[in-house]
Amino acid sequence: MKPTLIRPQGLPASISRPVVTPIMPSVVYASDTPDALDAQYEGRTQGYTYAREGHPNADVLAQRIDALEGCEGGIVTGSGMAAVTAAVMGLCQAGDHVLGGDQLYGRSLRLMKEDLPRLGITTTLADPTDVAAMEAALRDTTRMVLIEVVSNPTLRIADIDGIAALCKARGILLVVDNTFTTPHAVQPFARGADVVLHSVTKLLAGHSDVTLGWVAARDDGLRKRLYDFIVTTGLTPSPFDCWLAERGLVSFDLRFDRAQQTAQMLATHLSGQPGVTRVLYPTRDDHPDRARAQAVLQGVGGNMLSFEIDGGRAAANAFAAAATGIAFAPTLGDVGTTLSHPASSSHRALTPEARAAIGVSEGFFRVSVGLEDPGALIDTFDAGLAAVRALK
Ligand SMILES: *Cc1c(COP(=O)(O)O)cnc(C)c1O
């Protein structure tokens with residue numbers, strides 16, 4: 001018997017092709033000759049060499065997200081936080097100042113408060129719904145402004161157009177984390193962002209089975225710096241995760257539309273219930289930033305809503321325990337509805353006074369609406385509210 005070689009010398013011949021992207025877990029890619037490798041590294045030919053530097057599953061996924069955001073050259077990262085880290089640490093240096101929105105995602109806030117100062121990058125947080133407050137917080141050394149368009153969990157709408165104008169006038173990079181809003185509500189590049197990023201983990205992949213991010217830059221020079229930082233620090237994703245996310249992304253449009261319809265219904269329903277003291281949904285008439293929600297989100301309210309019940313922690317416990325079937329879990333954008341209680345999770349590090357200042361009380365919940373039958377979902381919320389009323 002002839003000794004077999006370890007590695008395959010090619011795939012079986014086929015004149016047809018698969019309709020689903022194959023999973024390509026190969027870490028290394030073989031080239032024909034050193035000259036061929038030169039041509040590839042010099043950009044005269046296209047090819048892969050080593051998976052940390054890029055692989056087909058990441059590129060297929062990146063191009064699909066690029067199409068949603070209306071850009072080119074986006075890079076998939078191993079998590080949403082990897083994308084945030086790449087944007088901030090890949091594009092800033094010691095001595096720079098970074099201004100962030102004061103209600104950023106919890107770990108982004110931690111990066112701003114703990115890690116960047118340790119590395120010599122100073123940071124300030126300000127209210128992105130108030131462009132004058134943002135302007136007042138700028139310094140001569142401000143290199144970057146980082147915002148999210150809709151804040152978590154209070155669903156306030158940033159003045160993205162005012163902030164973009166400010167950044168443009170001062171030559172400051174505007175970075176927008178578009179996870180919460182998604183390109184269906186806002187396309188930040190069209191509104192003046194220099195860098196846009198996502199936690200793909202959330203709505204885009206949508207099934208809570210992968211942790212991934214994506215980051216893109218308007219400018220080629222910035223893109224190259226992002227790419228090199230990501231490859232050097234090893235923020236690159238696994239092919240299988242990219243493949244799963246691509247599968248999830250195929251139904252993103254449908255999932256988003258359906259979840260948004262149900263979220264609107266649920267917001268309307270909750271606002272009429274005894275014991276519910278507040279309902280926050282961007283397109284409602286009583287939303288504090290309603291005019292901006294129309295201008296920026298163009299009527300796309302999304303799948304997220306928040307509400308407050310009377311009765312403090314005891315009521316919150318009763319609600320969560322009785323609303324069985326809704327995962328009480330601090331994530332968002334899943335096919336299933338999830339309920340989160342910021343006072344005991346994302347905002348637990350804040351003092352009660354600091355929570356009160358942004359309206360996050362013990363009775364405050366955030367809901368990420370999923371794809372359940374709307375009637376059944378409303379019944380579940382009603383069961384939770386009935387349990388709260390039974391406490392009295
Ligand atoms: C979840 C989230 C992140 C972090 O993403 P991971 O994929 O969990 O690392 C960043 N920004 C926002 C707005 C998020 O919701």
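Bear in mind that the values in this text are calculations on the coordinates, not laboratory data. Since we're looking at a predicted model, the values are computed, not measured. Neighbour counts run over all protein chains shown; Cβ positions are idealised from the backbone, glycine included.
Cross-link partners for K224 among the aspartates and glutamates, with Cα-Cα distance under 18 Å and sequence neighbours closer than 8 places in the same chain left out: E42, E53, D59, D66, E72, D194. Remark on region 1-137: ratio of C-alpha radius of gyration to 2.2 N^0.38 Å is 1.55.
Relative to the longest principal axis of the Cα atoms of the chain, the long axis of helix 160-170 lies at roughly 50 degrees. What does the C-alpha gyration tensor say about the overall shape of region 243-341? Classify as rounded when a/c is under 1.5, otherwise prolate if a/b is larger than b/c, or oblate. Here region 243-341 falls in the oblate category.
What does DSSP give for the chain in terms of the percent of beta bridges that are antiparallel, rounded to the nearest 5?
Rounded to the nearest five, the antiparallel share is 55 percent.
When peptides 347-360, 79-92, 368-381 are ranked by their average number of other Cβ atoms within 10 Å per residue, the highest-first order is 79-92, 368-381, 347-360. Relative to the dominant Cα principal axis of the chain, helix 312-322 is inclined by about 60°. With Cα atoms defining each centre, region 253-270 and region 299-328 are spaced 15 Å apart in the structure. For region 300-373, the relative contact order is 44 percent, taking Cα pairs closer than 8 Å that sit 6 or more residues apart in sequence and dividing their mean separation by the residue count. Computed on the chain, with alpha-carbon pairs under 8 angstrom and 6+ residues apart, the relative contact order is 15 percent. Net charge of the neighbourhood of N57, taken over other residues with C-beta under 9 Å away and scored Lys/Arg +1, Asp/Glu -1, is -3. Lys and Arg at +1, Asp and Glu at -1: add these up for the other residues within a Cβ distance under 11 Å of D161 and post the number. With Lys, Arg at +1 and Asp, Glu at -1, the neighbours total +2.
Tell me, what is the FRET efficiency for D140 and T351 to the nearest 0.05, using R0 = 35 angstrom and their Cβ-Cβ distance as r? All intermediate terms of the calculation are to be shown ahead of the outcome.
Working: r = 32 Å, r/R0 = 0.93.
Computed FRET efficiency for D140 and T351: 0.60.
Spacing of the modelled spin labels on R44 and V28, each 7 Å from Cα toward Cβ, amounts to 2.5 nm.
Here the spin labels are modelled as points 7 Å beyond Cα on the Cα-Cβ line, and at A376 and K224 they lie 5.4 nm apart.
According to the square roots a ≥ b ≥ c of the eigenvalues of the Cα gyration tensor, what is the shape class of region 137-270, taking rounded for a/c under 1.5, prolate for a/b larger than b/c otherwise, and oblate for the remainder?
Verdict is oblate for region 137-270.
According to the square roots a ≥ b ≥ c of the eigenvalues of the Cα gyration tensor, what is the shape class of the chain, taking rounded for a/c under 1.5, prolate for a/b larger than b/c otherwise, and oblate for the remainder? It is oblate, given that a/c is not under 1.5 and a/b is not larger than b/c. Once the Cα atoms are used to define both axes, helix 80-91 deviates from the longest principal axis of the chain by about 70 degrees. Under a straight-distance cross-link criterion of Cα-Cα below 12 Å, which aspartates and glutamates are reachable from K113, leaving out those fewer than 8 residues away in the same chain? Straight-line reach from K113, under 12 Å: D102. Take each peptide in 198-205, 26-33, count the other Cβ atoms within 10 Å of every residue, and average; sorted highest first, the result is 198-205, 26-33.
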